[in-house]
1. Can you spot a residue in segment 2-15 that is over 27 Å from E171 (Cα atoms) and either more than 15 Å from the ligand (Cβ to nearest atom) or surrounded by 15 or more Cβ atoms within 10 Å (Cβ to Cβ) (or both)?
2. Which condition number in (1) part of a helix (DSSP H, G or I); (2) within 16 Å of the ligand (Cβ to nearest atom); (3) over 13 Å from the mean Cα position of the chain (by Cα) is the one that L136 fails?
3. If you take the residues of segment 84-117 that are within 16 Å of the ligand (Cβ to nearest atom) and under 19 Å from V6 (Cβ atoms), which of them is farthest from the chain's Cα centre (by Cα)?
4. Of all residues in segment 54-75 being among the aliphatic types (A, V, I, L, M) and crowded, with 20+ Cβ neighbours inside 10 Å, which is nearest to the chain's Cα centre (by Cα)?
5. Which condition from (1) touching a residue at least 40 places away in the same chain (Cβ under 8 Å); (2) part of a loop (DSSP other than H, G, I, E, B); (3) exposed (fewer than 14 other Cβ atoms within 10 Å of the Cβ) is the one that H159 breaks?
6. Please pick out the residue among T195, T160 that is at pLDDT below 95 and not small (G, A, S).
7. Right, L23: within 16 Å of the ligand (Cβ to nearest atom), crowded, with 24+ Cβ neighbours inside 10 Å and closer than 30 Å to G197 by Cβ or not?
8. Quick one: how many residues across segment 169-197 are in a loop (DSSP other than H, G, I, E, B) and under 19 Å from A28 (Cβ atoms)?
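The values are calculated or read from the model by the stated rules, or taken from the named source; none is laboratory data. What you see is a predicted model, and the numbers here were worked out from it, not measured in a lab. Heads up, the Cβs are rebuilt from the backbone with ideal geometry, glycines too, and the neighbour counts pull from every protein chain shown.
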Amino acid sequence: MRPITVHALSGSLRAGSFNTHALRAAAALAPGGMTIDLDGLDADPPRNPIGDIPLYNDDEKEKGFPPSVVDLGRKIGAANALLIATPEYNFSIPGVLKNALDWLSRLPDQPLNDKPLAIMGAARGPVGTGRVQYHLRQVAVFVNMHPLNKPEVLISMAHTKFDEAGNLTDETTRGFIESQMKALYDWTLRISPETGG
Ligand SMILES: Cc1cc2nc3c(=O)[nH]c(=O)nc-3n(C[C@H](O)[C@H](O)[C@H](O)COP(=O)(O)O)c2cc1C
């Protein structure tokens with residue numbers, strides 16, 4: 001299998017985040033050849049780099065990009081694909097995630113441009129982040145990322161699908177994540193045929 005690397009972003013800063021748990025499950029279920037960089041999300045407690053990013057301010061950007069943005073941009077730029085797991089806040093993108101994407105989208109040598117993207121999400125409610133995922137796809141158009149269409153991973157009633165330690169115990173959901181990771185592998189090589197070659 002040709003090796004590809006995927007950078008993971010969680011849209012939740014919560015230590016017990018179901019979305020961060022889902023990313024850890026994805027890393028474990030990824031096909032051979034695919035390495036998912038959890039970038040601190042696998043620490044105990046998890047460290048989410050988007051929590052270090054200040055609120056976007058164009059005046060501050062003019063003075064220079066914050067190191068937290070430069071560092072994250074460098075890591076995403078070096079990866080072959082991006083995987084975002086996000087909660088839905090008021091039917092849309094959590095501010096912390098949108099803030100990170102806004103900063104990243106202003107970096108020179110735009111790290112999001114042309115990047116294959118897979119989206120998943122976990123919510124306590126029955127819709128399982130269906131609405132935020134479409135808002136994220138809209139943002140992806142502007143920054144020219146290439147979202148994978150299918151399979152979707154919508155983890156509804158998330159509190160019933162993970163155990164106390166954050167392990168994904170629902171077999172159906174594990175199957176969806178495994179299928180999405182396989183599809184992301186193929187999608188990345190289709191978008192960037194030179195990857196890992
Ligand atoms: C500000 C706020 C808004 C929320 N809005 C929604 C929503 O629109 N749809 C939904 O399914 N859940 C909503 N929730 C509940 C989240 O699904 C729940 O908090 C989930 O656990 C967040 O993901 P996390 O575990 O990764 O932090 C909201 C929670 C917060 C704090």
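1. yes
2. Of (1) part of a helix (DSSP H, G or I); (2) within 16 Å of the ligand (Cβ to nearest atom); (3) over 13 Å from the mean Cα position of the chain (by Cα), only one is false for L136: (3).
3. That would be A100.
4. Pass one, segment 54-75, residues among the aliphatic types (A, V, I, L, M): 55, 69-70, 72.
Going one step further and asking which of them are crowded, with 20+ Cβ neighbours inside 10 Å, we end up with 69, 72.
Details: V69: 16, L72: 12 Å.
My answer is L72.
5. Condition not satisfied by H159: (2).
6. Being at pLDDT below 95 and not small (G, A, S) holds for just one of T195, T160, which is T195.
7. Here the answer is yes, as L23 does meet what is asked.
8. Count: 2.
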